[in-house]
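Quick one: the structure is below, questions incoming.
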Amino acid sequence: MLKVIGLGVNAGDISLGALKAVKNSDFIILRTDKTRSAAVLKDEGIKYISLDFLYEKSRNFETLKKNVVKEVKEYLKKGEVCYLVDGAVSEDLCAAELIKSVKEVQIFEGSSKTGQAVAAFSLSGGGYTAVSAYDISKLSAFSFPLVVYDLDSAFLASEWKIKLSKIYGEEKEVGLYVDNRKVLMPVYELDHNEKLFNYSTVLIAFDCDFKEKERFSFEDLLEIVKVLRSENGCPWDKAQTMETIRKNLIEECYELVDAVNKDDDDKIIEETGDLLLQAAFYIQFEEERGIFDNTDVLSGICHKLVSRHTHIFGKDKATDPEAALEVWSKNKQAEKGMKTASEYVGDVPATLPAAMRASKTVKRGTESGLKFTKEEIKERVLALAEEVLSDKTKGGELLFDAITLVKLCGGDPEQDITDETELYIKRFLALEKKLEAEGKNIKTADEETVKKAYDEIKKS
């Protein structure tokens, strides 16, 4: 039997039940005895084993957790073990790792380090996020107020100083709760006094106004949009609907693609943000109607990624991109209940750019059994090129078959025509400059001269 007991923050915090459990155990093991709460064992004359030596032995905290688990489980082979931590059991990462690995466990939670700090700084209502200081590398998004426990060294405080500085600047005031007292300081001073850090130290990063923040999360974006759409919000934002900003969404997508094509990192950041703003608007619209919220959206895409990547999260196999796409397509058809090939082929959105839609439709048609060779399509393109000279209604068929041929040859029709258009613009500019250098005007020069100059540019 393993008993995991939280000693609380001070020597008198342990409950009578927990103390009785300690006294009735074969082995009493402390993660560390360098805490005020551990003094109760000395006061009661209880012999214990301290694991402080593992701190020096372990390269990092992850190694420490493994070593603690290994050490405690060795004693479990010999008898009943009581493993004690300062604060509450739920606040101790080593305890969490240990509990997961042992079948029979009894837990005495104990009083929380964060609870005392929260009370001291009057953070009422439970409206805060609590994390271990050692989880800093895993923390990608912040929700404030933020309560950070296990801040046991100036080195760790320095890492949090850097993290917090990026979010709301160096001048923002934060709080420390250490040895039953409150300390306030700006972020930049967080790691200046080593004496402020021990196993009981808790950091409070207070909530702040949007105007004070340096960095934001997606949750912040959603909240800002909510404010803009509120009763006292922006008149323009309040007036928008799904229909009115639809064109904005399309424009932002194209602007992001343009930034990617230009390899402009600053522009990519800006346009990605603009695209996320459109997503935030749509989430807010539907939340106002009571249809769905941000969690539904994120859950939906995460479920989709897991369910369609059965070669990663299931039993399917895929060793190359083409095979992976086949798995995705198979799973997609099954999820959407597509029973016929026609349903699959006809499912390409009509709002896509024409070349892109034609390309995707041809691909699905080919996958579903309608297959032509390159030579067959080539002959059709050549024949249609003749027909369109006398019958303009054949233009669509010609373009569709041309797209099909490009697709069969491994090209990307949408990107190819985009690239060719850009190339045409560059060549036209070069053509005009060439003629001007020869003392000619493109608008007044004879056609043969213009065409000859253009052919020369194409060859160069």
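Which aspartates and glutamates have a Cα less than 18 Å from the Cα of Lys433, not counting those fewer than 8 places away in the same chain?
Glu422, Asp446, Glu447, Glu448, Asp455, Glu456
For the stretch 43-106 and the stretch 216-293, what is the separation of their C-alpha centers, rounded to whole Å?
48
Rounding to the nearest 20 debye, state how big the charge dipole of the stretch 218-292 is about its Cα centre with +1 on each Lys and Arg Cβ and -1 on each Asp and Glu Cβ.
460
Taking square-rooted eigenvalues a ≥ b ≥ c of the alpha carbon gyration tensor, is the stretch 1-138 rounded, prolate or oblate, where a/c under 1.5 means rounded and, failing that, a/b exceeding b/c means prolate?
oblate
Continuing with this model, one more query. With a ≥ b ≥ c taken as the square roots of the eigenvalues of the C-alpha gyration tensor of the stretch 115-212, please select rounded if a/c is under 1.5 and otherwise prolate if a/b is larger than b/c or oblate if it is not?
The shape class here is rounded.
Next question. Apply the a/c threshold of 1.5 to the C-alpha gyration tensor of the chain and tell me whether it is rounded, prolate or oblate.
prolate
Still on this structure: Helix-only estimate, please: 222 nm mean residue ellipticity of the chain, summing -39500 (n - 2.57) across DSSP H runs of length 4 or more and dividing by its residues, to the nearest 500.
Taken over the chain, the calculation gives -16500 deg cm²/dmol.
About the Cα centre, and with charges only on the beta carbon of Lys, Arg (+1) and Asp, Glu (-1), how big is the dipole of the chain? Nearest 20 debye, please.
Dipole about the Cα centre, nearest 20: 1700 debye.
Could I ask something else about it? Listed here are the pairs Lys315/Lys363; Lys330/Lys374; Lys339/Lys374; Lys65/Lys100; which of them are more than 18 Å apart at the Cα?
Lys315/Lys363; Lys330/Lys374; Lys339/Lys374
Further question on the same structure: Can you sort Phe292, Phe144, Phe108 by how many other beta carbons sit within 10 Å, fewest first?
With the fewest neighbours first, Phe292, Phe144, Phe108 line up as Phe292, Phe144, Phe108.
To continue, here is another question. Considering the dipole of the chain built from charges on the beta carbon (Lys and Arg +1, Asp and Glu -1) around the Cα centre, which of Met1, Leu305, Gly12 is farthest to its positive end?
Met1
Karplus couplings for the stretch 260-265 from phi (6.51 cos²θ - 1.76 cosθ + 1.60, θ = phi - 60°), rounded to Hz, Gly and Pro as x?
My calculation for the stretch 260-265 gives 5, 4, 8, 6, 9, 4 Hz in order.
List Leu16, Leu151 from most exposed to least, where exposure is judged by having the fewest other Cβ atoms within 10 Å.
Leu16, Leu151
Here is a further query. What's the magnitude of the charge dipole for the stretch 115-212 around its Cα centre, counting Lys and Arg as +1 and Asp and Glu as -1 at the beta-carbon? Answer in Debye, nearest 20.
120
What GluC sites (Glu not before Pro) does the stretch 68-108 have in DSSP loop regions with at most 12 other beta carbons within 10 Å?
Glu104
Follow-up question, since we're still on this one. Among Asp412, Asp43, which comes first, second and so on when ranked by fewest other beta-carbon atoms within 10 Å?
Asp43, Asp412
I've got another one for you. Please identify the GluC sites (Glu not before Pro) of the stretch 196-299 that satisfy two criteria: DSSP loop assignment and at most 10 other Cβ atoms within 10 Å. Which are they?
Glu231, Glu243
Coordinate-derived values only; no laboratory data. Every value quoted in this text rests on a predicted model; they were computed, and no experiment measured them. Counting neighbours? That spans all protein chains shown, and the Cβs are built from the backbone with ideal geometry, glycine included.
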